[in-house]
Every structure is written in structure tokens, then in C-alpha cells.
1. Residue 140 - would you say it is closer than 17 Å to residue 256 by Cα, open to solvent by 80 Å² or more (accessible area, probe 1.4 Å) and free of Cβ contacts under 8 Å to residues at least 40 places away in the same chain?
2. Quick one: how many residues across the range 140-179 are farther than 30 Å from residue 97 by Cα, modelled with pLDDT of 95 or more and away from the ligand (no atom under 16 Å from the Cβ)?
3. Across the range 1-25, what is the number of residues that are among the polar types (S, T, N, Q) and surrounded by 10 or more Cβ atoms within 10 Å (Cβ to Cβ)?
4. Does residue 73 satisfy the criteria of being more than 30 Å from the chain's Cα centre (by Cα) and of a type in the set (D, E, K, R)?
5. Does the range 88-119 hold any residues that are surrounded by 15 or more Cβ atoms within 10 Å (Cβ to Cβ) and more than 30 Å from residue 140 (Cβ to Cβ), and which are they?
6. For residue 182, are the conditions met, namely being more than 8 Å from the ligand (Cβ to nearest atom) and either of a type in the set (S, T, N, Q) or modelled with pLDDT under 95 (or both)?
7. Can you find, within the range 219-239, the residue that is nearest to the ligand (Cβ to nearest atom) among those that are of a type in the set (A, V, I, L, M) and within 11 Å of the chain's Cα centre (by Cα)?
8. For the range 94-148, please list each of the strands (runs of 3 or more DSSP E) lying entirely inside it that holds at least 1 residues being touching a Leu at 6+ places or on another chain (Cβ under 9 Å).
Amino acid sequence: IKTTFTPITRQDQEPIGIVAVLEDVTEQEKLDRQRKDFVANVSHELRTPLTTIKSYLEALSDGAMEEPELATRFLQVTQQEAERMSRLINDLLHLSRLDAQKIKIQKKAMRIDNILQSAADRFSLPAEQKQVHLSCTIEEKLPQVYIDPDLMDRVLDNLISNAVKYTSTEGTITIHAHRLLDGSVEVSIRDTGIGIPKKDLDRIFERFYRVDKARSRDMGGTGLGLSIAKEIVEVHGGEIAIHSTYKKGTTVSFTLPPFEPEVIR
Ligand code: ADP
């Protein structure tokens, strides 16, 4: 709390009191800290792959080039790291556009069925490769929602790819959509994966927050997927929540308000 005191005097300079202003700067300080953390995180996240790329290139020019098998492996690593940097930069640009409200959100009244089904289809191969069973159940006669389909694809890609990433062989992933009592539509993605410890759940939607940084990086993660999903759901007037039991599984669900033509006009 920031405190300022201003003395009050009569015309003849006789003091008659003091005005004390107590200003709650918690929010301001929190924002400042978040901004500084964000810059530090971005620099770190970009430097890590860059260091790897540099050291592998060095090894190649120091002789690894002469050994074709080694050279191929080293080149693959540099390529993977370069791809990760480019994913990170894409995610950052996307977030900053969302923050600055620069993304043109093109909402349409539509049902979510096809979008969900195609998102599930996009991940059927990666899931199958891990022997993870992925299914999609959509309640009949879902009301229409008012959404930007491209942005919604992005939410689903982020959430389903997490489910695939953090679920091991023989696990299951269930995508489900149903209507809530207030008419909104709830979509949930449930997995039987590694789960998230209770202590991390509160912060999991923060940018770059990860339970296990090394594991997330190994899986190609940027640590931004959940925060992007949250921003997009919120610009649609919905809410996102995560429930998880460590070592048992995770459910991420989000709501989308029903399409109400009179609200738009
Ligand atoms: P990342 O790119 O690291 O996956 P996200 O923002 O998408 O970043 O997720 C943040 C962190 O939340 C992940 O690093 C992981 O620790 C945890 N997480 C997200 N989804 C799941 C899930 N389905 N199962 C277990 N952990 C998850």
C-alpha cells in the first residue's frame, strides 16, 4: 500500500489536519512483476533452443560432418529446435495480437459438432501412434454457438494436443460436448494421462507455467497453449476450467454461450 500525507492549513497557516491517501498498488505491482517475468521467460525460452542449435552446428563444423549418421542426427536436432523457436514466436505473436485486440474475430452462428469432429480426426493418427484411444461424443441437438471457427480450432488443437502429449500408451482421451441448463454448450477433453499435481493447478493457465519444464520442452511444448486457449475462450464470452488428479488424468472444459440473435443486433 502506498501512503501519501498532505497537511491542510488554514489561511493563517495554522495546521488543521492531514489528508492521508492510502493507495492499493498490489494490482499495479502484480502487473509489473508479470511483465518482467514474461520478458525474462521469453528470452530464456528463445535462448535455450538457440544454444542447442549453436552447439550442434559447432560440432558439425568441428568434424561431425565427416560421419554421415552423426551428421544426420545433429541436423535433425537443429531442425527440431528451429521449428520449436518458430512455434514459440507464432504463439507469442498470436498472444500479443489477442492482447492488443488486433485479431479480427470473425464470429458466426454455428453448431460445434463438425469443428469438434474434425479436431478429433486431426489427432486420431498421433493418438493411434501412441496407442491412445481417442473418441468424440457429441450430444444431439446442441444449440448453435457464436464462434470464430479458426480460433476455436486453435483452442481444440492446444487442448487435444496436450491430452495426447501427456497421456501414455493404452490411455484414453474423450472429447465430449453437451448442453448446460442455461443453454450454453460445454466442451470437455478428458484424458487418463499423467495428471497435474494439486499445487500447480492454480497457476497452470499462466503464460509459460509448466509442471515439468524439461518434459514439456522434450514434447515440443511452448508453455503457452493453455493461456492462449483461455484468452480465446474468454473473448467468446465463455469460461475455461481444469480438473486434474495427479497420475490419474486431467479434464479441461470450457463453455460457450448460446447464439442469441437479439444480443448481436
Ligand atoms: P505446453 O506447451 O508445455 O504443453 P501448455 O500451456 O499447453 O504448455 O500447458 C502448460 C502445462 O500444463 C504443461 O507443461 C503441462 O505440465 C500441463 N498440462 C497441460 N495439459 C495437460 C494434460 N492434459 N495432462 C497433464 N498435464 C497437462
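1. On the way: closer than 17 Å to residue 256 by Cα: yes; open to solvent by 80 Å² or more (accessible area, probe 1.4 Å): yes; free of Cβ contacts under 8 Å to residues at least 40 places away in the same chain: yes.
Here the answer is yes, as residue 140 does meet what is asked.
2. 2
3. Kept after step one, since they are among the polar types (S, T, N, Q), are these residues of the range 1-25: 3-4, 6, 9, 11, 13.
Next cut, surrounded by 10 or more Cβ atoms within 10 Å (Cβ to Cβ) only: 9.
The total comes to 1.
4. Working: more than 30 Å from the chain's Cα centre (by Cα): yes; of a type in the set (D, E, K, R): yes.
Criteria met by residue 73.
5. Matches in the range 88-119: 88, 91, 92, 94, 95, 98, 103.
6. Details: more than 8 Å from the ligand (Cβ to nearest atom): yes; either of a type in the set (S, T, N, Q) or modelled with pLDDT under 95 (or both): yes.
Criteria met by residue 182.
7. That would be 226.
8. Working: elements: 108-110, 133-138, 145-147.
Fully inside the range 94-148 and qualifying: 133-138, 145-147.
The values are calculated or read from the model by the stated rules, or taken from the named source; none is laboratory data. It should be emphasised that the depicted structure is a prediction, and the values quoted were computed from it without experimental measurement. As a convention, Cβ positions derive from the backbone with ideal geometry for all residues, glycine included, and neighbour counts pool all protein chains shown. What goes into the accessible areas is simple: the full protein's heavy atoms, side chains included, and nothing from ligands, DNA or RNA. Shrake-Rupley method; radii C 1.70, N 1.55, O 1.52, S 1.80 Å.
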